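Below: one structure, written as C-alpha cells.
The values are calculated or read from the model by the stated rules, or taken from the named source; none is laboratory data. It should be emphasised that the depicted structure is a prediction, and the values quoted were computed from it without experimental measurement. Neighbour counts are summed over all protein chains in view; Cβ atoms, including those assigned to glycine, are modelled from backbone coordinates with ideal geometry. Note: areas computed on protein heavy atoms with side chains; ligands, DNA, RNA excluded. Shrake-Rupley method; radii C 1.70, N 1.55, O 1.52, S 1.80 Å.
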Amino acid sequence: SLISLYFCSHFFFNTEINGANVSLKAYGTANQAIRDYMKGYELQLTERNGETEKIAGRDIDLQYHEKVGISGIYPLQRPFQWMGSLFEGKKYTISDLYVYNQDLLKNKIDQLNCFNRTAAEPQNVSFQYSNGLYEAVKEVYGNTIIQDQLNKAIKTSIERGETNLDLEEEHCYKEPKYTLSSYKTDIVENLLNR
C-alpha cells in the first residue's frame, strides 16, 4: 500500500531514539530532530526528600555522535507493520550515540546538593523497652549517597537520553540493613520478650 511505501523511508508513529522523538520523520531529517533534542536536554534528579536538581546537556557539552548515527535502526522497521505503532510506541537505544565532556560532568555531579548537604546515615531497626515489653523502633533511611552508584545511574540516563532519574529507584542511597519488615526483626523481638 501507499502507506507502507511511505514507511520505507520514514519512522513509524510513537518512535524514540535515545529519548529523541523521531515519529514520522524522514530518515534524512531524523538526525536534525536528535540534534534539536540535544540542545534542550536536561536530566532531572529526584531525591529522597522530594528535592529535585538538574543537569543540563549544555553544561556538559552533550552532543550527537554523528559517526555512530542511527542508520542501524532503519532495517529494524518493517514498513507493513506500521499500524502497530499507532497503539504501541517503540523506543530504541543506540550505544555511544551521545558524547559529552567527562570532566564537566564530574564537576557538575560534585556540585550537586545531595553530595554537599550534611548526610544522615541510615539506622537499622532498634528495640525499645516499655511497659514490660520490647518493641521494634522503625529504621531510619537517611540520605547518604552511594557515589559510584549515582555516577553510574547519571551516565546511563544521559547516554539513553532519559530526562528523569529517581535516586531511590536506582538504589543510589545507603540503606539500613535491617528494617521492620526484615525476617530477623520478628525473631529478635520474640527472643527479647521471652
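Laid out as a table, the results:
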quantity	calculated
Nearest-ten-degree value, helix 27-39 long axis tilted from longest Cα axis of the chain	40
Around THR179: net Lys/Arg minus Asp/Glu count, Cβ-Cβ under 12 Å	0
Charge sum, other residues only, whose C-beta stays under 12 Å from ASN151's C-beta, Lys/Arg counted +1 and Asp/Glu -1	+1
Choice from SER23, SER182, SER157 with maximal GNM fluctuation in the chain (Cα, 10 Å cutoff)	SER182
R0 of 45 Å, Cβ-Cβ distance ASP96-SER182: FRET efficiency to nearest 0.05	0.60
Subset of LYS108/LYS155; LYS91/LYS155; LYS138/LYS177; LYS138/LYS174; LYS54/LYS90; LYS54/LYS138 violating a 23 Å alpha-carbon distance limit	LYS54/LYS90; LYS54/LYS138
Listed residues ASN18, ASN143, ASN49, most fluctuating in the chain (Gaussian network, C-alpha, under 10 Å)	ASN49
Potential extension, GLU42-HIS171 segment - 0.36 nm per residue separation minus Cα distance	44.3 nm
Simple spin-label estimate for LYS138 and THR29 in nanometres, 7 Å along Cα-Cβ	5.4
The stretch 41-125: relative contact order as a whole-number percent, Cα under 8 Å and 6+ apart	34
Rounded accessible area per residue of the stretch 128-194, 1.4 Å, Å²	67
Fluctuation leader among PRO122, PRO75, PRO176 - the chain, Gaussian network, Cα springs under 10 angstrom	PRO75
Whole-percent carbon and sulfur share, accessible surface of the stretch 77-134, 1.4 Å	46
Quotient of Cα Rg and 2.2 N^0.38 Å for the stretch 74-194, N being how many residues it contains	1.69
Solvent exposure of the stretch 1-79 as accessible area per residue, Å², 1.4 Å probe	51
Residues listed by number, the stretch 38-64, amide nitrogen under 17 Å from ASN113 label point at 7 Å toward C-beta	43-56
Fraction of antiparallel bridges per DSSP, the chain only, in percent to nearest 5	75
